[in-house]
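The values are calculated or read from the model by the stated rules, or taken from the named source; none is laboratory data. Computed from a prediction, not measured in an experiment: that's the story for all the values here. Quick reminder, even Gly has a Cβ in these numbers, built from the backbone with ideal geometry, and neighbours come from all protein chains shown. Accessible surface is based on the protein model in full, side chains and every heavy atom, while ligands, DNA and RNA are left aside. Shrake-Rupley method; radii C 1.70, N 1.55, O 1.52, S 1.80 Å.
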Amino acid sequence: MLLLALDTATPAVTVALHDGTDVIASSSQVDARRHGELLLPAVDRVLTEAGLKLEAVTGIVVGTGPGPYTGLRVGLMTADTFGLALGVPVHGLCTLDGLAYAADIEKGPFVVATDARRKEVYWATYADSRTRLTGPAVDRPADIAEQVAGLPAVGAGALLYPDTFPRAHEPEHVSAAALASLAAEKLAAGEELTAPRPLYLRRPDAQVPKNYKVVTPK
């Protein structure tokens, strides 16, 4: 097994290789505006670090969000392209699940929250680092304060709103290393992973203008 994992659902552009036993190479850069520029060089970097060629990959793992439309689709389209080119399966994993796994909290419940912009967070609750209880969902922090009161929390969204998440701590962003490790664990146990389909949870920021003037040929 050689899994190539990647995620662009948060400001982190993150890539990792997992050989079925351990992560053998990884790269993470935080830049919310350059997912498209940074992803492929990161893939090349981890392959070079591992001394492997892309053709050696036997499966792709991609974070499915939730996340902003523009960043999220970069990772998903890249994963689909690699899968088609190599003839290997493409597996999806919720980005919040990767953060929960990296948090390594054995006993919950706890919360994972990422920044959804518009003064909102993408969030979910977990019984432990491998078991999601609720979500994912997108809400204003104040609107979920009662539901998450007193719970430990991880993720950039939690760190942004200490009034709602006073027990927030790192990790801030997802790592492909955690996604790859979680996927390898699930696959080894015979579990089926989700399809690589995006969890947008809301409409993209770009909208067709209302009441625009229609121009017709004379």
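Quote the accessible area belonging to TYR69 in square angstrom, nearest 10, computed with a 1.4 Å probe and with ligands, DNA and RNA left uncounted.
It works out to around 90 Å².
Estimate the FRET efficiency between ARG130 and GLU192 by the formula 1/(1 + (r/R0)^6), using the beta-carbon distance for r and 22 Å for R0, to the nearest 0.05. Walk me through the numbers on the way to the answer.
Details: r = 15 Å, r/R0 = 0.69.
Working from the Cβ atoms, E equals 0.90.
At a 1.4 Å probe radius, carbon and sulfur cover how many percent of the accessible area of segment 13-59?
Values: 1210 of 2560 Å².
Roughly 47 percent, rounded to a whole number.
Tell me which aspartates and glutamates have Cα within less than 20 Å of LYS186's Cα, excluding those fewer than 8 residues away on the same chain?
Answer for LYS186, where 20 Å is the Cα cut-off: ASP7, ASP19, ASP22, ASP97, ASP104, GLU106, ASP128, listed by chain and number.
Put SER175, SER26, SER129 in order of accessible area, largest first, 1.4 Å probe: what do you get? If you can, show how the numbers build up before the last one.
Numbers: SER175 35, SER26 60, SER129 5 Å².
Correct descending sequence by accessible area is SER26, SER175, SER129.
Going by accessible area, probe 1.4 Å, with all protein chains left in place, what is the ranking of ILE24, ILE60, ILE105, largest first? It would help to have the intermediate numbers written out before the result.
Details: ILE24 65, ILE60 0, ILE105 30 Å².
The ordering from most to least exposed comes out as ILE24, ILE105, ILE60.
Rank ARG34, ARG118 by accessible area, highest first, at a 1.4 Å probe radius? Spell out each step's value before the answer.
Numbers: ARG34 95, ARG118 115 Å².
Descending order: ARG118, ARG34.
Let me have the 222 nm mean residue ellipticity of the chain computed from DSSP H runs of 4+ only, each contributing -39500 (n - 2.57), with the sum over all residues rounded to the nearest 500.
On the way: 6 runs with 65 residues, N = 218.
So the calculated ellipticity at 222 nm is -9000 deg cm²/dmol.
Can you give the accessible area of VAL30, probe radius 1.4 Å, in Å² rounded to 10?
100 Å²
Tell me, what is the 1.4 Å probe accessible area of LYS186, in Å² to the nearest 10?
Here the residue's solvent-accessible area equals roughly 40 Å².
How much accessible area per residue does segment 1-74 have, in Å², with a 1.4 Å probe? Could you put the intermediate results ahead of the total?
Working: 3100 Å² over 74 residues.
Dividing the accessible area of segment 1-74 by its residue count gives 42 Å².
Kindly point out which whole DSSP H helices in the chain project their C-alpha atoms 20 angstrom or further along the helix axis while averaging a Kyte-Doolittle hydropathy of -1.0 or above.
35-50, 69-86
How much length is gained on full extension from LEU201 to GLU37, taking 0.36 nm per residue of separation minus their Cα-Cα distance?
Working: separation 164, 0.36 × 164 = 59.04 nm, distance 2.51 nm.
Extra length available between LEU201 and GLU37 comes to 56.5 nm.
Work out the charge dipole of the chain with +1 on the Cβ of Lys and Arg and -1 on the Cβ of Asp and Glu about the Cα centre, then indicate which of LEU40, ALA180, LEU72 is farthest towards its positive end.
It is LEU72, whose Cα lies furthest towards the positive end.
Which of rounded, prolate or oblate describes segment 114-209 when judged by the alpha-carbon gyration tensor and an a/c cut-off of 1.5? Display every interim value, and only then the final one.
On the way: a/c = 2.02, a/b = 1.24, b/c = 1.63.
Oblate is the answer for segment 114-209, as a/c is 1.5 or above yet b/c matches or exceeds a/b.
Can you compute the FRET efficiency between ASP143 and TYR69 using 1/(1 + (r/R0)^6), with r the Cβ-Cβ distance and R0 = 22 Å? Round to the nearest 0.05.
On the way: r = 22 Å, r/R0 = 1.01.
Calculated value: 0.50.
Over the chain, what per residue volume does the convex hull of the Cα atoms give, in whole Å³? It would help to have the intermediate numbers written out before the result.
Details: hull volume 31.5 nm³, N = 218.
Taking only Cα atoms, the chain has a hull volume of 144 Å³ per residue.
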